[in-house]
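Participant: Below you'll find the structure I mean.
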Ligand SMILES: *Cc1c(COP(=O)(O)O)cnc(C)c1O
């Protein structure tokens, strides 16, 4: 384990190692030891959005729940006055909104964005290469027997803590691919059962998320007709997530929410490996420049992106690169299974590390309490991972570190006109029994605090 001498232990590092909730804000620093920068362009984000549009008629045919939207997979933007009061965010500190990805159809989580995009991109390139599709064709052709016979020769595989597997398995099997999902030990039983019910092969691994990913990668390397969705390194996933920013901009405008120097937008994004929040933060930064302030949220036992950010700023001297949460003496054990990742994606870090304002950590008990508050104030049903965003306003407006940062940035004066956006990232398919347990645990914790 990495053991800095005590003199070099900053207060943030101290809290981090003791698994206490903490807010870290990014100092102006040159990123040392960064991976070669991943450079994405807004054009690529637009291409991802166009790909979703080309596939929409086919998706509407494959998934009855998408008929009403013509195959568009999107989530509502909601004003959350009740939850704002429940988390104690004063009206003078801005307005709380929710981007409700917990309700995303097909996958039931934010993974619908990146995961489905990557499988669609693979299917599209295969169909074009095999002459099944000409540019400009109606993509509903891909539901026909010729395309399905072709797709059946290929296997799509992924390693996942659960939700990415759900999204990849469901879309891959709907298109006619064979699919395999390598799951870590912490993946929930209902997620495995749901995949098996769709004909997806579920391979269980005793170790953590990284082990599941490595096993999936190795299996596909041995299969000439195998395609591996690499959560730690995939540009296609990242761009699928980033496309969410384009839709959010339309929703904010329709809701009359302004974003500019006098109307700052704070966005709180639950983070696992960093791809989903990274893609979205990248897209939003392209659209809103300095007026959007993105923060990532991680469990106190799994702050892998925070560790990576600190290392990049020279604040983890002597730590292995890239650092893992085990190097900090943490366990990576959390009920937030979507966020239980020991080591950040270097691709996400390189692409978005320089745009992030900060990262904060959340205790599992707080996730449960906020899950219950959200149900009781707004009637929304989310999973524990998805509650991590709600600690953002609390950390930013209610902690010394947060207030000092707002002051230093000249943002304090604009708070009354600020928008706080918590991204709720999953929950739609959590079984009732499981959800009821979350809720009763959360209610007793919320009552006790
Ligand atoms: C995967 C996931 C995230 C974070 O996405 P990463 O790309 O792993 O950072 C957040 N919330 C939920 C519910 C997830 O499933």
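The values are calculated or read from the model by the stated rules, or taken from the named source; none is laboratory data. These numbers were taken from a predicted model, which means no experiment stands behind them. Note that we place each Cβ from the backbone using ideal geometry, even for glycine, and neighbour counts take in every protein chain shown.
Participant: Which condition number does residue 140 fail, the rest of (1) more than 17 Å from residue 120 (Cα to Cα); (2) in contact with a helix residue (DSSP H, G or I) (Cβ under 9 Å, 6 or more places away or on another chain) being met?
Facilitator: Result: residue 140 fails condition (1) only.
Participant: Which is within 16 Å of the ligand (Cβ to nearest atom), free of Cβ contacts under 8 Å to residues at least 40 places away in the same chain, surrounded by 24 or more Cβ atoms within 10 Å (Cβ to Cβ) and not in a loop (DSSP other than H, G, I, E, B), of 269, 284, 237, 306?
Facilitator: 284 is the lone residue from the list that is within 16 Å of the ligand (Cβ to nearest atom), free of Cβ contacts under 8 Å to residues at least 40 places away in the same chain, surrounded by 24 or more Cβ atoms within 10 Å (Cβ to Cβ) and not in a loop (DSSP other than H, G, I, E, B).
Participant: Under the condition of being within 27 Å of the chain's Cα centre (by Cα) and on the phi > 0 side of the Ramachandran plot, which residue from region 90-149 is nearest to the ligand (Cβ to nearest atom)?
Facilitator: My answer is 108.
Participant: Does residue 315 satisfy the criteria of being over 17 Å from the mean Cα position of the chain (by Cα) and either within 14 Å of the ligand (Cβ to nearest atom) or surrounded by fewer than 18 Cβ atoms within 10 Å (Cβ to Cβ) (or both)?
Facilitator: When the stated conditions are applied, residue 315 does not pass them.
Participant: When you check residue 277 against the structure, is it away from the ligand (no atom under 16 Å from the Cβ), assigned by TED's automatic domain parsing to the domain that holds residue 418, modelled with pLDDT of 95 or more and not in a loop (DSSP other than H, G, I, E, B), yes or no?
Facilitator: Here the answer is no, as residue 277 does not meet what is asked.
Participant: Another one. Answer with yes or no whether residue 263 is in contact (Cβ under 8 Å) with a residue 12 or more places away in the chain, buried (at least 19 other Cβ atoms within 10 Å of the Cβ) and more than 16 Å from the ligand (Cβ to nearest atom).
Facilitator: Answer is no for this residue.
Participant: Could we say that residue 295 is outside any helix (DSSP H, G or I) and either more than 13 Å from the ligand (Cβ to nearest atom) or in contact with a helix residue (DSSP H, G or I) (Cβ under 7 Å, 6 or more places away or on another chain) (or both) here?
Facilitator: yes
Participant: Check whether at least one residue in region 159-166 is under 30 Å from residue 326 (Cα atoms), within 16 Å of the ligand (Cβ to nearest atom), part of a strand (DSSP E or B) and touching a residue at least 12 places away in the same chain (Cβ under 8 Å), and report yes or no.
Facilitator: So far as region 159-166 goes, yes, one or more of its residues are under 30 Å from residue 326 (Cα atoms), within 16 Å of the ligand (Cβ to nearest atom), part of a strand (DSSP E or B) and touching a residue at least 12 places away in the same chain (Cβ under 8 Å).
Participant: Still on this structure: Where the second residue is loosely packed, with under 15 Cβ neighbours inside 10 Å and the first is in contact (Cβ under 8 Å) with a residue 60 or more places away in the chain and lies in region 76-93, which pairs have Cβ atoms under 7 Å and are six or more apart or on separate chains?
Facilitator: 77/255; 92/416
Participant: Any residue that is more than 30 Å from residue 177 (Cα to Cα), in contact (Cβ under 8 Å) with a residue 40 or more places away in the chain and touching a strand residue (DSSP E or B) at 6+ places or on another chain (Cβ under 6 Å) - is there at least one of those in region 311-331?
Facilitator: No, the conditions are met nowhere in region 311-331.
Participant: Out of curiosity, is residue 199 in a loop (DSSP other than H, G, I, E, B), surrounded by fewer than 19 Cβ atoms within 10 Å (Cβ to Cβ) and at positive phi?
Facilitator: Against the criterion (in a loop (DSSP other than H, G, I, E, B), surrounded by fewer than 19 Cβ atoms within 10 Å (Cβ to Cβ) and at positive phi), residue 199 qualifies.
Participant: Which one of these does residue 247 not meet: (1) within 16 Å of the ligand (Cβ to nearest atom); (2) more than 22 Å from residue 410 (Cβ to Cβ); (3) in the same structural domain as residue 95 (by TED's automatic domain parsing)?
Facilitator: Every condition holds for residue 247 apart from (1).
Participant: Name the residues in region 367-405 that are part of a loop (DSSP other than H, G, I, E, B) and over 16 Å from residue 78 (Cα atoms), would you?
Facilitator: 383, 399
Participant: Sticking with this one: Out of the residues in region 428-437 that are within 15 Å of the ligand (Cβ to nearest atom) and either free of Cβ contacts under 8 Å to residues at least 24 places away in the same chain or closer than 12 Å to residue 337 by Cβ (or both), which is surrounded by the most Cβ atoms within 10 Å (Cβ to Cβ)?
Facilitator: 430
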